[in-house]
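The values are calculated or read from the model by the stated rules, or taken from the named source; none is laboratory data. In this text the structure is predicted, and so the values were computed from the model without any measurement. Cβ coordinates were reconstructed from backbone atoms using ideal geometry, including for glycine residues, and neighbour counts include every protein chain displayed. Heavy atoms of the whole protein, side chains included, go into the accessibility calculation; ligands, DNA and RNA do not. Shrake-Rupley method; radii C 1.70, N 1.55, O 1.52, S 1.80 Å.
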Amino acid sequence: MFSSLRKQSVRSLNKTIQTCRYSQSPKVIKNVTPASMKRGTGGRSSFNGTVCTIFGSTGFFGRHVINRLGRTGTQMVIPYRGDHYDCMHLKPLGDLGQIIFHPFDIRDEDSIRRCVKYSNVVINLVGREYETKNFSFDDVHVKGARTLARICKESGVERFIHLSCLNANPDPKPIILKKPSRYFTSKWEGELAVRQEFPEATIIRPADVYGQEDRFLMLYHNRWRHHLIHGVPLYKKGEVTEKQPVWIGDVAAGIVAAMRDPESSGRTYQFVGPRRYKLADLVDWFMRILRREADTAMFRRLDIDYCPLFKLKVAITERLSPAYPLGYLSWQYLEREHTTDNIVKGVPKLEDLGINPTVIDTQVLWELSPWRYDLSSQKYYELFEDPPPPAHITNATV
C-alpha cells in the first residue's frame, strides 16, 4: 500500500516538473543594468540593484560605510593599492560574492575605469591628513578628485558622492601657521573640481569625526601628542576653539541616506554633531574618562605658544617620519585641530537626510572605555563613577 502511494507521488511530481519546464518561458531581460538584476527583500543576503565602488574604503570612514551598504544588499567594488591582504578585513562586511576587490592607482586612469565599469554609484572617500613625498594635498584632494569625477561621468555613473571637510575654505584664517592651511584650501579646490566634472555630485562636509580607531579621541590619548610630563599643548589652552564633533556611525548613515535620496543630487551637506563645545572642555572630559584628572601630575593643558620644545618635536617628527607623522603630529594637523567649526547657514545637515545625530555624551564613554586606567576595578568593584559630560555652548548659532 505504501509503495503504491510512493510511486503515485513520484509520478505526480515528475508531471509537475515537466509541466513547469515546458509551460513557463524564460524571463528575457531587455535592458541589462544592475537594477534589472535585483533579487531578494533588500537584506544582507539579497541584491538591492545597486553596484557601488568605494574609493578610499580601506580608511577610517570606509569600513563603516561598507558595513552599512552590505547590510542592505549592495554589491561593492573595493579599490585598493598596496597589498590586498591589507583590505581583507572588509570581506565579512558583505555576503558571499557581494564584495569584489580590485587594484588601482589614483594616477592610473585605466585602473579607475575598470573599477567603475559596472557601477551605478561611486563614493570617493580618498583623502590625506598629511603630505608625503609621493602624494601632496593637491595630488589627492584636487587632481585625484577631478580624475575620479571625470572618469565616472564618462563611464555613465548615476551618482557620485565626494567627501570633503567642514572648514573647507579658499582663504582660511591662519591660527598656528603663518600661511593659510593647505589642507583646507585643497579641500575647497577639490569641491570645485568635482563640481566642474560632475555637476550632479553630492558633497559631504563632516566635522571632526570620532569613533573606534579615530584621529580625534585617540589623538589626545597618544603619548607622542603629549609634552614633557603628561602635558597637552593646545592653542590658548583650547579656550578659544569651538568644536562640534560627529559620530562615525551617523556619518556613514548620512552617506548611505544621501546615496538613496534622489533630491541630494547636486547638493552639499555639512555633517555635524547636535552640540557645540569648547576644545578645552572636551580634552578635560576625555582625560577624566581615561582617569588622568586635570590639575594633577597626570594631566594638564598647556599653551602651545610657550612650548618651544614641543614645536621642535613637531618639526623633527615631520622630517624624520618615513611614511606618516608619528602620532599624527604635524603642523597641518595642529592647524586643523585648532580651527573652530564654521557652520554655514542654509546648508543642509544630517537632519535633512532623516538622521538624528548621536549626542557625544552617551557615545564617548563607550569609545574610550578600553583605554581607561583600572577598568576592571570599575567593572567588578564599582570603585569609580563616570565623569559628567562637559557643558555645551548654548548660545551657538548653527
Return yes or no: is Leu383 more than 30 Å from Ser136 (Cβ to Cβ), loosely packed, with under 11 Cβ neighbours inside 10 Å and either β-branched (Val, Ile, Thr) or modelled with pLDDT under 90 (or both)? yes
Flagged pairs (Cβ under 8 angstrom, 6 or more apart or on separate chains; first in segment 211-235, free of Cβ contacts under 8 Å to residues at least 24 places away in the same chain; second crowded, with 18+ Cβ neighbours inside 10 Å) are His226/Val232
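If I filter segment 307-334 down to residues being assigned to a loop (DSSP other than H, G, I, E, B) and of a type in the set (Gly, Ala, Ser), which single residue comes out as farthest from the chain's Cα centre (by Cα)? Don't jump to the end; show me each part of the working.
Looking only at segment 307-334, we keep the residues that are assigned to a loop (DSSP other than H, G, I, E, B), and these are 307, 321-325, 329-330.
Retained after the next criterion (residues that are of a type in the set (Gly, Ala, Ser)): 321, 323, 330.
On the way: Ser321: 25, Ala323: 21, Ser330: 21 Å.
Result: Ser321.
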Condition test on Thr358, is it in contact (Cβ under 8 Å) with a residue 40 or more places away in the chain, in contact with a strand residue (DSSP E or B) (Cβ under 8 Å, 6 or more places away or on another chain) and hydroxyl-bearing (Ser, Thr, Tyr)? yes
In segment 115-152, anything in a helix (DSSP H, G or I) and under 20 Å from Val256 (Cα atoms) is listed as Cys115, Val116, Ala145, Leu148, Ala149, Cys152
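Restricting segment 123-138 to residues that are closer than 20 Å to Ala168 by Cβ and of a type in the set (Val, Ile, Thr), which is surrounded by the fewest Cβ atoms within 10 Å (Cβ to Cβ)? Before you say what the answer is, go through the steps one by one.
Taking segment 123-138 and keeping what is closer than 20 Å to Ala168 by Cβ, we get 123-131, 135-138.
Then drop every residue that is not of a type in the set (Val, Ile, Thr), which leaves 123, 126.
Details: Ile123: 29, Val126: 23.
Only one residue tops the list, namely Val126.
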Can you pull out every residue in segment 335-356 that is in contact with a Pro (Cβ under 9 Å, 6 or more places away or on another chain), part of a helix (DSSP H, G or I) and surrounded by fewer than 19 Cβ atoms within 10 Å (Cβ to Cβ)? Glu351
Does Leu312 count as without any contact (Cβ under 8 Å) to a residue 24 or more places away in the chain, open to solvent by 80 Å² or more (accessible area, probe 1.4 Å) and closer than 30 Å to Thr132 by Cα? yes
Matching residues in segment 153-168 - criterion: being assigned to a loop (DSSP other than H, G, I, E, B) and under 19 Å from Ile203 (Cβ atoms): Val157, Glu158, Ser164, Cys165, Leu166, Asn167, Ala168
Quick check: is even one residue across segment 176-186 of a type in the set (Phe, Trp, Tyr), within 27 Å of Val283 (Cβ to Cβ) and open to solvent by less than 20 Å² (accessible area, probe 1.4 Å)? yes
Residue pairs meeting the criteria (Cβ under 9 Å; at least 6 apart or on separate chains; first within 29 Å of Glu242 (Cβ to Cβ) and in contact (Cβ under 8 Å) with a residue 60 or more places away in the chain, in segment 195-209; second open to solvent by 20 Å² or more (accessible area, probe 1.4 Å) and among the hydroxyl-bearing types (Ser, Thr, Tyr)): Thr202/Ser265; Thr202/Thr268; Ile203/Thr268; Ile204/Thr268; Arg205/Thr268
Candidates Ile106, Ile112, filtered to the one that is assigned to a helix (DSSP H, G or I), in contact with an Asp or Glu (Cβ under 9 Å, 6 or more places away or on another chain) and of a type in the set (Val, Ile, Thr): Ile112
Please enumerate the residues belonging to segment 291-309 that are among the hydrophobic types (A, V, I, L, M, F, W, C) and either surrounded by fewer than 20 Cβ atoms within 10 Å (Cβ to Cβ) or modelled with pLDDT of 90 or more (or both). Ala294, Ala297, Met298, Leu302, Ile304, Cys307, Leu309
So, in segment 245-270, exactly how many residues are under 25 Å from Leu329 (Cα atoms) and either surrounded by fewer than 19 Cβ atoms within 10 Å (Cβ to Cβ) or out of contact with any His (no Cβ under 9 Å at 6 or more places or on another chain) (or both)? 3
On the given criteria, is Asp171 within 21 Å of the chain's Cα centre (by Cα), outside any helix (DSSP H, G or I) and acidic (Asp, Glu)? no
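Considering only strands (runs of 3 or more DSSP E) fully contained in segment 190-306, which possess at least 1 residues that are within 21 Å of Leu368 (Cβ to Cβ)?
Values: elements: 202-206, 231-234, 268-271, 300-303.
In segment 190-306, 202-206, 231-234, 300-303 are the strands (runs of 3 or more DSSP E) which contain 1 or more residues that are within 21 Å of Leu368 (Cβ to Cβ).
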By residue number, the members of segment 224-239 that are over 27 Å from the mean Cα position of the chain (by Cα) and either open to solvent by 10 Å² or more (accessible area, probe 1.4 Å) or hydrophobic (A, V, I, L, M, F, W, C) (or both) are His227, Leu228, Ile229, His230, Lys236, Lys237, Glu239
Counting just the residues of segment 187-207 that are closer than 22 Å to Thr132 by Cβ and of a type in the set (D, E, K, R), which one comes out surrounded by the fewest Cβ atoms within 10 Å (Cβ to Cβ)? Glu189
Which one of these does Val142 not meet: (1) open to solvent by 10 Å² or more (accessible area, probe 1.4 Å); (2) at pLDDT below 95; (3) of a type outside the set (D, E, K, R)? (2)
